[in-house]
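Every number in this text was worked out from the coordinates using simple rules, so none of it is lab data. None of the values given here were measured: they were computed from a predicted structure. Cβ coordinates were reconstructed from backbone atoms using ideal geometry, including for glycine residues, and neighbour counts include every protein chain displayed.
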Amino acid sequence: MGKPTKERRSADRAKRVMSVAYRKVEGKKKTKWELSTTEDLSAAGVAFFTDKEFRPGDVLEIEIRMSGMLEMFAGLTEVVRVVKKDSGSHYLVAVKRLTKKKSAKK
């Protein structure tokens, strides 16, 4: 039996399916918004499915909404892990939070 591996996550993850909109950010250039669903999320980041191939280090702007209305998170994230799924050309992308948009409401 091998050595136990050290847990690298800084926060517990919860399996939740929510709507996520995302787009890649390269300097001042941003790609068009894409839609998908989350696999799981935590206070530190989120994992979601996409048909786009991203690389660790890519910066994404994301918006996560519950029931399409209530904004749970909006801000910049960094790709930390990409896993190609066996079914089709889909990827599971894990990102960590970099910034959070300031809410217009106070």
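Do we have any residue at all in segment 64-74 that's over 11 Å from the mean Cα position of the chain (by Cα), outside any strand (DSSP E or B) and on the phi > 0 side of the Ramachandran plot?
Kept after step one, since they are over 11 Å from the mean Cα position of the chain (by Cα), are these residues of segment 64-74: 65-72.
Checking which are outside any strand (DSSP E or B) leaves us with 67-69.
Checking the rest, the ones that are also on the phi > 0 side of the Ramachandran plot come to 67-68.
Looking for residues that are over 11 Å from the mean Cα position of the chain (by Cα), outside any strand (DSSP E or B) and on the phi > 0 side of the Ramachandran plot, one finds at least one in segment 64-74, hence yes.
State which residue is surrounded by the most Cβ atoms within 10 Å (Cβ to Cβ) when the search covers only segment 53-74 and only residues that are farther than 14 Å from V17 by Cα and among the β-branched types (V, I, T).
In this case the residue turns out to be I62.
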